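Report on the structure given below.
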């Protein structure tokens, strides 16, 4: 079996990856299953940084829809990502994977502040690093935070792990006959206004030639196959 093509990855997860059957909250069983998938990739010799969303706990747009201040709604979302980060760290540590949580908003009693060189050092020492609280600023999604952090730590690829097995021309849940793309350029993805990654994140990756892989997190061996460079999901690059 071939070794990994990518030695350092930024794995972007939705908060729903930790949710139970209802799609909300944090399921310890789901967290353990997710941690096992991450551990399998780690054991390939891959350095892993993770950014996780908070859709299982809070969606800022719901607050804004009810006239909540956008900055406040986004700050609540950032805090929710830290809760998810702690839950995932706990699951990984229980499986014997050394893990650190760093946050863009300082909360030293429970996590390290995000320091780029320290994050890189953790990766070099074989630790998984979970980067919480987004960018620390409102109006930026966790997708954008993932793209930014990927470039800061010199990741080889950004892997967006979702519940969909790639990028489609239409929502496959609405149109089962929608065409799936195996590969797209950054410009094609921007023109399609793909919903799996926001345009700011796509533009950042395009400006710095960072490849993106969109895949189904829960397909067997999908992460391992992607890291080995096998065709899985949708590849977005130049």
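Looking only at region 152-166, decide whether some residue is more than 15 Å from residue 10 (Cα to Cα), surrounded by fewer than 20 Cβ atoms within 10 Å (Cβ to Cβ) and at pLDDT 95 or above. Taking every residue of region 152-166 in turn, none turns out to be more than 15 Å from residue 10 (Cα to Cα), surrounded by fewer than 20 Cβ atoms within 10 Å (Cβ to Cβ) and at pLDDT 95 or above. Of all the criteria given as (1) more than 22 Å from residue 208 (Cα to Cα); (2) assigned to a helix (DSSP H, G or I), the one not satisfied by residue 102 is (2). For region 83-99, give me the residue count where each residue is crowded, with 20+ Cβ neighbours inside 10 Å and outside any helix (DSSP H, G or I). Within region 83-99, residues that are crowded, with 20+ Cβ neighbours inside 10 Å and outside any helix (DSSP H, G or I) number 1.
Only one of 99, 103 is modelled with pLDDT of 95 or more, more than 30 Å from residue 2 (Cβ to Cβ) and in contact with a helix residue (DSSP H, G or I) (Cβ under 9 Å, 6 or more places away or on another chain); which?
103
Inside region 46-82, residues that are assigned to a helix (DSSP H, G or I) and under 21 Å from residue 160 (Cβ atoms) make up a count of 8.
Scanning region 21-41 finds no residues that are surrounded by fewer than 21 Cβ atoms within 10 Å (Cβ to Cβ) and within 12 Å of the chain's Cα centre (by Cα). Can we say residue 137 is more than 16 Å from the chain's Cα centre (by Cα) and either at pLDDT below 95 or under 16 Å from residue 235 (Cβ atoms) (or both)? No; evaluated as a whole, the condition is false for this residue.
Tallying residues that are over 14 Å from residue 84 (Cβ atoms), in contact (Cβ under 8 Å) with a residue 40 or more places away in the chain and either touching a strand residue (DSSP E or B) at 6+ places or on another chain (Cβ under 7 Å) or not in a helix (DSSP H, G or I) (or both) within region 30-45 yields 4. Under the condition of being touching a strand residue (DSSP E or B) at 6+ places or on another chain (Cβ under 7 Å) and touching a residue at least 60 places away in the same chain (Cβ under 8 Å), the residues counted in region 201-221 number 2.
When region 1-29 is limited to residues that are touching a residue at least 40 places away in the same chain (Cβ under 8 Å) and assigned to a helix (DSSP H, G or I), the one that is farthest from residue 163 (Cα to Cα) turns out to be 28. Taking the criterion of being touching a residue at least 60 places away in the same chain (Cβ under 8 Å) and either touching a helix residue (DSSP H, G or I) at 6+ places or on another chain (Cβ under 7 Å) or under 23 Å from residue 58 (Cβ atoms) (or both), the residues of region 117-133 that qualify are 128, 129, 130, 131, 132.
Can you name every residue in region 51-65 that is surrounded by fewer than 17 Cβ atoms within 10 Å (Cβ to Cβ) and in contact with a helix residue (DSSP H, G or I) (Cβ under 9 Å, 6 or more places away or on another chain)?
If the condition is that a residue be surrounded by fewer than 17 Cβ atoms within 10 Å (Cβ to Cβ) and in contact with a helix residue (DSSP H, G or I) (Cβ under 9 Å, 6 or more places away or on another chain), then 61, 62, 64 are the ones that fit.
When restricted to residues that are exposed (fewer than 13 other Cβ atoms within 10 Å of the Cβ), under 22 Å from the mean Cα position of the chain (by Cα) and free of Cβ contacts under 8 Å to residues at least 24 places away in the same chain, region 171-188 contains 2.
The values are calculated or read from the model by the stated rules, or taken from the named source; none is laboratory data. Note that the structure is a prediction, hence the values are computed from the model and not measured. Counting neighbours? That spans all protein chains shown, and the Cβs are built from the backbone with ideal geometry, glycine included.
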